[in-house]
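Just below is one structure, and these are the notes that go with it.
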Amino acid sequence: MLYIFDLGNVIVDIDFNRVFGAWSDFSRVPLATLKQKFVMGEVFHQHERGEISDEAFAEALSQEMELPLSYEQFEHGWQAIFVGLRPEVIAIMHKLREQGHRVVVLSNTNNLHTTFWPDEYPQVREAADRVYLSQEMKMRKPEARIYQQVLESEGFSAEDTVFFDDNADNIEGARQLGINSILVTGKETIPEYFAKQLC
């Protein structure tokens, strides 16, 4: 079997409130105002596809949100999103590989974040056979082509694949291709799913 794991809130806990908190501290713009103005719009998607630079993204998003930040302040806040590893998921990934399954990570991320999390959480790459990142693939979930490319690269059919993600749109995109897809709604989702398979 091929098991595909998303990164954020699947393997590593993330929290956008930490980003807004850091930006608010730097800019003195109220936290509630930042949360209201933040939209995962086209510039966000372009950054995840690697279509614009980190600097261009920071500038565009700062303008959209009317945030008076230096690039260094923006970057510091952007990296604050990461909270910590989910060791129980890392353990499951290792066990799956020991059993002969193929285990990969498929993440909508961006170049700025990949200057941080691989060094902060080396356990992610250690637990995966391969890591697929949206900005390197020039496409992002839930676009059908990103799932198709992973299946093709790994040599698995949709029927022999299980996908875990915390985003309902990404789950739906994968399900439309026939991939068995599990919406991760909390830390217990993945351990409960595997409780029977790995006992």
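Coordinate-derived values only; no laboratory data. Values in this document were obtained by computation on a predicted structure and should not be read as measured data. Ideal geometry is used to build each Cβ from the backbone, glycine not excepted, and the neighbour counts take in all protein chains shown.
Once amide H atoms are built 1.01 Å from N in the peptide plane, which residues 5 or more positions from V162, or in another chain, come under 5 Å H to H?
L2, Y3, I4
Mind checking which of Q73, G41, W23 is farthest towards the positive end of segment 14-82's charge dipole, using Cβ charges of +1 (Lys, Arg) and -1 (Asp, Glu) about the Cα centre?
Farthest along the dipole direction, towards plus: W23.
Suppose the Debye formula is applied to equal point scatterers at every Cα of the chain; what is log10 I(q)/I(0) at q = 0.10, 0.14, 0.17 Å⁻¹?
-0.44, -0.83, -1.15
Normalised by the residues of segment 108-199, what does the relative contact order come to in percent, with Cα pairs under 8 Å and at least six apart?
Worked out over segment 108-199, it gives 20 percent.
What ratio of Cα Rg to 2.2 N^0.38 Å holds for segment 14-82?
Normalised Rg, Cα atoms only: 1.01.
Sort 113-120, 14-21 by packing, meaning the average of other beta carbons within 10 Å per residue, with the highest value first.
Listed from highest to lowest mean packing, they are 14-21, 113-120.
What FRET efficiency comes out for S70 versus L177 if R0 is 45 angstrom and r is the Cβ-Cβ distance? Round to the nearest 0.05.
The formula returns an efficiency of 0.60 here.
Could you grab the Rg to Rh ratio for segment 67-146? Cα atoms only, Kirkwood for Rh.
Using only Cα positions, Rg/Rh for segment 67-146 is 1.04.
Ordered by residue, what ³J(HN,Hα) values in Hz, to whole numbers, does segment 58-67 give under the Karplus form 6.51 cos²θ - 1.76 cosθ + 1.60, where θ = phi - 60° and Gly and Pro are x?
For segment 58-67, the Karplus curve yields 4, 5, 5, 5, 5, 5, 4, 8, 6, 9 Hz.
Counting only C-alpha contacts under 8 Å and six or more residues apart, can you give the relative contact order of segment 14-82 as a whole percent?
The value is 50 percent.
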